[in-house]
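One structure below.
The values are calculated or read from the model by the stated rules, or taken from the named source; none is laboratory data. For clarity, every value in this text was computed on a predicted model and none was experimentally measured. Counting neighbours? That spans all protein chains shown, and the Cβs are built from the backbone with ideal geometry, glycine included. Ligands, DNA and RNA are stripped out before the accessible areas are found, and what is left, the full protein with its side chains, is counted by its heavy atoms. Shrake-Rupley method; radii C 1.70, N 1.55, O 1.52, S 1.80 Å.
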Amino acid sequence: MTGLGSAFRTLVVAAAAGLLAVTGAVAAPAPPASAAPEPKAPREFVALGSVDRTIVQEMRYSTPHNFVGEPVDGYRQPLCILTRPAAEALHRAQLRLLARGYTLKVYDCYRPQRAVDHFVRWAKDLEDERMKGEFYPLVDKSRLFADGYIAEKSGHSRGSTVDLTIVRLPAVPTRAYVPGEELTECYAPRAERFPDNSVDMGTGYDCFDTLSHTDDPRIQGEQRANRQLLKGVLGEQGFVNLPEEWWHFTFKPEPFPSTFFDFPVARRSVAGH
């Protein structure tokens, strides 16, 4: 019986091989190796909207309206992510502004290292000047590193730095940028530069110009008062302004003072926090 069983199995295998040869069928390929999972944010990070839903979010780097001219690597969704202490401090500042008829608006919050790397690649490509007319009209692109506008590391990647402004209520949405539209210098009078629903800060956001220095003496009157209002309200809550950029603030003490994260800007990065 053993000999007959062995012979039968041999016939079955041969028949199957013959069927494959006739039909041209092939065995199913092995499934590909699974890709490495995306890194997630530590539990100390939260979506700002889970702490304060009233703060306006206009996340520029998830759109083409920025100095690069295209959505930036790592910004999967238009979402502000911050460390919880920074988000809660923004909430406290927001309450004070709401009582005065204003709201905060954030342009950028946590920034993954891959986005910073994108900035660096862009800065080294001296041929790509599609957004020069608005964001750096007076700066030679070859000097962006030397003048400190672009660096290989950013405090934003530590999760407690935010770029933001103030909007008078009721907030009217800013119109969408149309790629290829005519550009106006970021330091032009408010009525001439790209429309923004914020109060007049003297320059647009991400304006690579000395007029963006928070205390530049050429900025006077209402523009200076608006900058001081932003700086004062945030300073009361522990935020420190970067003197070269009126919009740039870092919450102190930082929970992660020396760690540069690279998880993507996406809801799944902070899901369940």
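Once you have a ≥ b ≥ c as the square roots of the Cα gyration tensor eigenvalues for the stretch 70-173, tell me rounded if a/c is under 1.5, and otherwise prolate or oblate according to whether a/b is larger than b/c. Verdict is prolate for the stretch 70-173.
Okay, helix-only estimate at 222 nm for the chain: each DSSP H run of n ≥ 4 adds -39500 (n - 2.57), divide by all residues, round to 500 deg cm²/dmol; what do you get? Mind dumping the intermediate values first?
Details: 5 runs with 68 residues, N = 273.
So the helix-based figure for the chain works out to -8000 deg cm²/dmol.
For the chain, averaging the sequence separation of C-alpha pairs within contact (under 8 Å, six or more residues apart) and dividing by the residue count gives a relative contact order of 24 percent. More than 20 angstrom separation, counting every C-alpha pair in the stretch 165-235; what % is that? Here the tail beyond 20 Å accounts for 29 percent of pairs. What a 1.4 Å probe finds exposed on the chain is 58% carbon and sulfur by accessible area, rounded to a whole percent.
Taking 27 Å as the cut-off for C-alpha to C-alpha distance, list the pairs among Lys40/Lys105; Lys40/Lys141; Lys132/Lys252; Lys141/Lys252; Lys124/Lys252; Lys124/Lys231 that go past it. Check vs 27 Å cut-off fails for Lys40/Lys141; Lys132/Lys252; Lys141/Lys252; Lys124/Lys252; Lys124/Lys231.
Considering only Gln228, Gly101, Pro64, the residue lying farthest towards the positive end of the dipole of the chain is Gly101, judged by Cα position with unit charges set on Cβ. Taking Cα atoms only, the orientation of helix 2-23 departs from the longest principal axis of the chain by about 50 degrees. Close amide H contacts of Asp108 (hydrogens built in the peptide plane, cut-off under 5 Å, sequence separation of 5 or more or a different chain): Asp163.
Applied to the stretch 185-201, the Karplus parametrisation 6.51 cos²θ - 1.76 cosθ + 1.60 on θ = phi - 60° returns per-residue 3J(HN,Hα) values of 3, 5, 9, 5, x, 3, 5, 9, 7, 3, x, 9, 7, 6, 5, 6, 9 Hz, with x for Gly and Pro.
Non-local amide H neighbours of Val240 (under 5 Å, H modeled in plane, Pro and chain starts lacking H): which ones? Long-range HN contacts for Val240: Thr250, Phe251, Lys252.
For the chain, treating each Cα as an identical point scatterer without solvent, what Debye log10 I(q)/I(0) comes out at q = 0.07, 0.12, 0.13 1/Å? Result of the Debye calculation: -0.34, -0.74, -0.86.
Just round it to a whole percent: the fraction of Cα-Cα distances in the stretch 28-117 exceeding 22 Å. The calculated P(r) of the stretch 28-117 puts 41 percent of pairs beyond 22 Å. When only the Cβ of Lys, Arg, Asp and Glu is charged (+1, +1, -1, -1), the dipole of the stretch 83-189 relative to its Cα centre reaches about 720 debye. Phi angles across the stretch 42-54 convert, under the Karplus curve 6.51 cos²θ - 1.76 cosθ + 1.60 with θ = phi - 60°, into 3J(HN,Hα) values of x, 5, 6, 9, 9, 6, 4, x, 7, 9, 8, 7, 8 Hz, Gly and Pro given as x. The residues of the chain present an accessible area of 51 Å² per residue when probed at 1.4 Å with all protein chains retained.
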